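The structure appears below as structure tokens.
Every number in this text was worked out from the coordinates using simple rules, so none of it is lab data. These figures come from a predicted structure and were not determined experimentally. All Cβ positions, glycine included, derive from the backbone under ideal geometry; neighbour counts span all protein chains shown.
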Amino acid sequence: MRLIDSHVNLHHEAFAGDLDEVMARARAAGVIGMLTISDKRASTGAILARAAAYPNVWRSVGVHPHYVKDDPDLTAEALVDLAQPADVVGIGECGLDHHYEYSPRDIQEQAFRMHIEAARRTGLPLIIHTREADEATLAILKEEQGAGAFTPLLHCYTGGLKLAEAVVAMGGYVSFAGIVTFKAAENVREVARAAPLDRLLVETDCPYLAPVPHRGRRCEPAHVVDVAMKLAELKGVGPEDLADATTANFFRLFARASLTDPA
């Protein structure tokens, strides 16, 4: 299989000691590219360094809803400026987290709208984190779609079918991580079964959420194979077909990304 891990966190301290080995294992497993994600503006330098160090690693720019309270000067203009380099292929991750609420809801919503405006201006996909916030996320997406088009991606999706179907209807995509393999996650599998194959992406969100059979250990990009195998089972297609579809979907969505070393 040739897979793209559409959401990794390579600048995380969990990878500080052995990233070369982690990347070698991913390549051996068939991971031909990955998107390393921004959590805050202060991480930009570290994320850039990780992306520059390895072939076929692209990056995003954005501020996770956990951290928007710590970035009061964030604007759409600032995000647009950060998105100018060619290796930046997406805006986010951004969105709403009503589970932890490390940032107040009003600040989360304001920042979410800034990211949407940046996605609209740049034409880059919007990488969305939404947790226990389906209705609020959908309301903002619908309102903002009325102000001008942008393409949403629900990352590591654990929400309901209604939001997923609405995002697909907007021309968006849905990505699943290792949670889809968890015993108690039948609700996630239900959405995965319903999602159109041409709108699916795979990810690890590593170092978090290691899939079965790696639960309890650090997650790595190589583990995206386990996610893909489970999704293939749920969709009733062969693993190679699932890999081909999700890889094609990635490059259709993240149109600025291209393989420099396809081997």
query: If we scan region 41-55, do we find a residue that is at positive phi and in contact with a Leu (Cβ under 7 Å, 6 or more places away or on another chain)?
result: no
message: When the residues of region 30-45 are narrowed to those that are touching a Pro at 6+ places or on another chain (Cβ under 9 Å) and not small (Gly, Ala, Ser), which ends up nearest to residue 69 (Cα to Cα)?
response: 34
- request: Please determine, by comparing only the residues of region 114-148 that are of a type in the set (Lys, Arg) and within 18 Å of the chain's Cα centre (by Cα), which one is surrounded by the fewest Cβ atoms within 10 Å (Cβ to Cβ).
  value: 131
field: Filter result for the condition that a residue is charged (D, E, K, R), free of Cβ contacts under 8 Å to residues at least 40 places away in the same chain and under 24 Å from residue 31 (Cα atoms), over 217, 199
entry: 217
task: Filter region 18-41 for residues that are in a helix (DSSP H, G or I) and under 22 Å from residue 156 (Cβ atoms) and give the result.
output: 19, 22, 23, 25, 26, 29, 41
- request: Go through 77, 109 for me and flag whichever is buried (at least 16 other Cβ atoms within 10 Å of the Cβ) and among the acidic types (Asp, Glu).
  value: 109
task: Out of 99, 66, report the one residue that is touching an Asp or Glu at 6+ places or on another chain (Cβ under 9 Å), loosely packed, with under 15 Cβ neighbours inside 10 Å and not in a helix (DSSP H, G or I).
output: 99
